[in-house]
Amino acid sequence: HPINDVRIFHKECKSLAAAGFNVTLIACGDNYLETYNEGVKQIVLNIPVKNRVERMISRSNAIYIKALELDADIYHFHDPELLNIGLKLKHKGKKVIYDSHENTTVLIKTRKWIPKIFRRVLSFFFEKYEKRIVKNFDAIITVTPQIVEKFKEINDKTYLITNYPTINISKVNDKKSNYLCFAGGLTNSYMFENVLDALSDINDFEFKFLIAGAPSYKGYLDILKSKKGWKKVEYLGRLTPKEVEGIYHKSLVGIAIHDYTANAGFKEGSLGVLKFFEYLNAGLPVICTDFRLWENIIDKYKCGICVNPHNIEEIRNAILFMLNNPELVKQMGLNGKRAIKEEYNWGFEEIKLIKIYNELI
């Protein structure tokens, strides 16, 4: 993870520092760096690597050496490559927390860089390896109920601390334009081709689909531009967080139509996918995947519409409904903002994190 990762630095590290802990964050990057940022000491190690195997070995060893130098009371790590490092630290009498953002045993089966013939075997052996190690840790933290259940069977000191946003206190814009929006990494997982197919036949409204972000691979943007629905798109490229806020402020609806991938918890969904909560936090109603976890929130707060990500007709009908009902859309946006304030914000997760640390100390 990069040194400025939203969950790791902007939420967990800054919250712990504000609670009085002496926090150091170690990550890898292009240049060596030691600095203080918002109460957190940041150390960036420059460990050049040529491939994934080198990364797993060379960077893990360098992180372990630097971690030992710090002689901390608690070590909190976020990457499955560091499981063995966590165990080494535990053997040295340290308190160790594993923060698992994803279900790695399932993800291995979907990794395209692993030859297909090896994926199931690697997943099987990783599962055995992970179980043997994580039972030794003082706490396991994860982002969604599905993964909590998995780890609870191995280590009962497993806690749900999810990726909810910090509350956005800005007011919702009363004068919205007919903009749909998406801001983030442009990946196949977000079903852009299906969204563009749904947009291509909507001719009764003047509207634009604002897309901000960089494509996940070379040539993906050309694929999207070849779609008929691209004529409805205003592509803005990579934007700063402040510029993204401006997009949200003037838009009518946020699009969070994610495929049923392993990373997103298949049809169950995940509370760790931040995009959904970002829109609600900005006062935007969402058109989103009918993940069971997201449907529960939409049903309770009436803050959006859930669709099957593979059903273009459902996507089109949801967009038409939003464009046809501006007053209802405004109320949905206010409902979503209330949902964040009442339940789905980092403030509640921060309390749980600090409690775990205090108990370990």
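The values are calculated or read from the model by the stated rules, or taken from the named source; none is laboratory data. Here the structure is a predicted model, which is why all the values come from computation and not from measurement. Every residue, glycine as well, gets a Cβ built from its backbone with ideal geometry; the counts of neighbours run over all protein chains shown. These area figures cover heavy atoms from the full protein model, side chains too; ligands, DNA and RNA do not enter into them. Shrake-Rupley method; radii C 1.70, N 1.55, O 1.52, S 1.80 Å.
The residue that is nearest to Lys355 (Cα to Cα), among those in region 7-45 that are polar (S, T, N, Q), part of a strand (DSSP E or B) and open to solvent by 20 Å² or more (accessible area, probe 1.4 Å), is Thr24. Which of the residues spanning region 120-158 are touching an Asp or Glu at 6+ places or on another chain (Cβ under 7 Å) and at pLDDT below 95? The answer is Gln146, and nothing else. Just to verify a result, which residue in region 51-80, among those that are of a type in the set (Ser, Thr, Tyr) and assigned to a helix (DSSP H, G or I), is least open to solvent (accessible area, probe 1.4 Å)? Going through the qualifying residues, I end up with Ser60. Applying the set (1) out of contact with any Lys or Arg (no Cβ under 9 Å at 6 or more places or on another chain); (2) free of Cβ contacts under 8 Å to residues at least 40 places away in the same chain; (3) not hydrophobic (A, V, I, L, M, F, W, C) to Lys11 leaves exactly one unmet item: (2). Among the residues of region 123-143, those identified as crowded, with 16+ Cβ neighbours inside 10 Å, out of contact with any Ser or Thr (no Cβ under 9 Å at 6 or more places or on another chain) and either assigned to a helix (DSSP H, G or I) or acidic (Asp, Glu) (or both) are Ile133, Asp138. Inclusion of Glu342 among residues that are of a type in the set (Asp, Glu) and over 25 Å from Leu107 (Cβ atoms) is warranted. Here is the figure for region 96-119: residues that are in contact with a helix residue (DSSP H, G or I) (Cβ under 6 Å, 6 or more places away or on another chain) and either open to solvent by 10 Å² or more (accessible area, probe 1.4 Å) or farther than 17 Å from Ile85 by Cα (or both) total 6.
Consider region 102-142. How many of its residues are closer than 18 Å to Lys157 by Cβ and in contact (Cβ under 8 Å) with a residue 24 or more places away in the chain?
The initial filter retains those residues of region 102-142 that are closer than 18 Å to Lys157 by Cβ, namely 130-142.
Now drop any that are not in contact (Cβ under 8 Å) with a residue 24 or more places away in the chain, which leaves 130, 133-134, 136-142.
The total comes to 10.
Enumerate the helices (runs of 4 or more DSSP H) found wholly within region 290-342, keeping only those where 2 or more residues are among the acidic types (Asp, Glu), closer than 16 Å to Ile257 by Cα and modelled with pLDDT of 95 or more.
Details: elements: 292-301, 312-324, 326-342.
In region 290-342, 312-324 are the helices (runs of 4 or more DSSP H) which contain 2 or more residues that are among the acidic types (Asp, Glu), closer than 16 Å to Ile257 by Cα and modelled with pLDDT of 95 or more.
Could you tell me whether Tyr129 is more than 27 Å from Gly265 (Cα to Cα) and of a type in the set (Phe, Trp, Tyr)? Against the criterion (more than 27 Å from Gly265 (Cα to Cα) and of a type in the set (Phe, Trp, Tyr)), Tyr129 does not qualify. Restricted to helices (runs of 4 or more DSSP H) entirely inside region 157-272, those with at least 1 residues that are in contact with a strand residue (DSSP E or B) (Cβ under 7 Å, 6 or more places away or on another chain) and open to solvent by 10 Å² or more (accessible area, probe 1.4 Å) are 220-225, 241-250.
Within region 279-286, is there a residue that is open to solvent by 10 Å² or more (accessible area, probe 1.4 Å) and over 21 Å from Thr144 (Cα atoms)?
At the first step, the residues of region 279-286 found to be open to solvent by 10 Å² or more (accessible area, probe 1.4 Å) are 281-282.
Filter once more, so that each one left must be over 21 Å from Thr144 (Cα atoms): 282.
Scanning region 279-286, I find at least one residue that is open to solvent by 10 Å² or more (accessible area, probe 1.4 Å) and over 21 Å from Thr144 (Cα atoms), so the answer is yes.
Determine whether Phe321 is under 30 Å from Ser200 (Cβ atoms) and within 15 Å of the chain's Cα centre (by Cα). For Phe321, the condition - under 30 Å from Ser200 (Cβ atoms) and within 15 Å of the chain's Cα centre (by Cα) - is not met.
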